[in-house]
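**Q** After the structure tokens below, expect a handful of questions from me.
The values are calculated or read from the model by the stated rules, or taken from the named source; none is laboratory data. From a predicted model like this one, the values you see are computed outputs, not experimental measurements. No Cβ is skipped: glycine too gets one built from the backbone with ideal geometry, and neighbour counts run over all protein chains shown.
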Amino acid sequence: MILLTRPYPQSFAIGTVLKKRGLSFFIEPMLTVVPLEPVSLVGHQTLIITSRNALDFLESFRPNVTIYCVGQSLEVLLREKGAVSVRSFASVLRLVEFIKTKNPQDLGPILYIAGQSKTLDIEAYLGPLGYSIQTKTVYKTESAKILSPDLMDHLKKGEIKTVSFFSKKTAETFVNLIRFHGLEFLYPTLVAVSFSQEIANKLKDLPWKNSIITKNSSMNSFWQVIKNHVG
């Protein structure tokens, strides 16, 4: 059984695919997404989006807006929603370094949508360099406080074999809750699948049965890991 730790809507979508492939799963979100405010692209020429969760709070797309995002899977979702000009980067820092090579006048007014917790304050980084950028915080996340009785039962019975991690905060929350419930003895029975090296670094000092990192930040890479190592 694969443990899906993303917020419920995203985990449900992954679970639907797993079910079609004949694989069992259990959904236990480590984070709850709390909306703050929706945003519009009106008045902006460029959009920066670094979080999958932020995408849900963008009201609409405009074909003349250039979008820079983090992760190939996010680029795919943006294109599915109608975005035309999209470029993805492996990390926030690489995205920012690329933008620094662009003339601020060519990019025009930039909108950066993100969650309350940010890897890098892009506006503070680019603003002093002459870029016209506005940050909109569209959501916050709240970490789970306990593991559900059903999940602990599955873990103790050895039914959970694989745990998937798509964010650093999700990984941190899972580790904290395993410690809180005194379940550290279960790590040698579990395989961790991380969506990036940064996520895996949050898990590296723990005695996992195996720790696997997807080749890149795309769902195709995740499915390849599942095919090769799980089912």
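**Q** Go through region 175-197 and give me each residue that's crowded, with 20+ Cβ neighbours inside 10 Å, more than 16 Å from residue 144 (Cα to Cα) and hydrophobic (A, V, I, L, M, F, W, C).
**A** The answer is 190, 192, 193, 195.
**Q** Do we find that residue 87 is assigned to a helix (DSSP H, G or I), without any contact (Cβ under 8 Å) to a residue 40 or more places away in the chain and either surrounded by 14 or more Cβ atoms within 10 Å (Cβ to Cβ) or of a type in the set (Lys, Arg) (or both) in this structure?
**A** So residue 87 does not fit the description; no.
**Q** May I ask you to list the residues in region 87-112 that are out of contact with any Asp or Glu (no Cβ under 8 Å at 6 or more places or on another chain) and basic (Lys, Arg)?
**A** Residues satisfying the conditions are 94, 100, 102.
**Q** Considering only residues of region 207-231 that are in contact with a strand residue (DSSP E or B) (Cβ under 8 Å, 6 or more places away or on another chain) and assigned to a loop (DSSP other than H, G, I, E, B), which is surrounded by the most Cβ atoms within 10 Å (Cβ to Cβ)?
**A** 214
**Q** Restricting attention to region 217-231, which residues are of a type in the set (A, V, I, L, M) and at pLDDT below 80?
**A** 230 - this is the single residue of region 217-231 that is of a type in the set (A, V, I, L, M) and at pLDDT below 80.
**Q** Out of all the residues in region 156-171, which are part of a helix (DSSP H, G or I), surrounded by fewer than 22 Cβ atoms within 10 Å (Cβ to Cβ) and modelled with pLDDT of 95 or more?
**A** Across region 156-171, the qualifying residue is only 156.
**Q** If a residue must be more than 19 Å from the chain's Cα centre (by Cα), in a strand (DSSP E or B) and closer than 11 Å to residue 134 by Cα, how many such residues does region 32-48 contain?
**A** 1
**Q** If the requirement is being farther than 24 Å from residue 171 by Cβ and assigned to a loop (DSSP other than H, G, I, E, B), which of these qualifies: 60, 117?
**A** Just a single option satisfies the conditions, and that option is 60.
This table checks each residue for (1) aliphatic (A, V, I, L, M); (2) over 25 Å from residue 13 (Cβ atoms).
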site	(1), (2)
56	no, no
76	yes, no
85	no, yes
90	yes, no
105	no, yes
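**Q** On the basis of being in contact with a Leu (Cβ under 7 Å, 6 or more places away or on another chain), of a type outside the set (A, V, I, L, M) and surrounded by fewer than 17 Cβ atoms within 10 Å (Cβ to Cβ), does residue 62 make the cut?
**A** Here the answer is yes, as residue 62 does meet what is asked.
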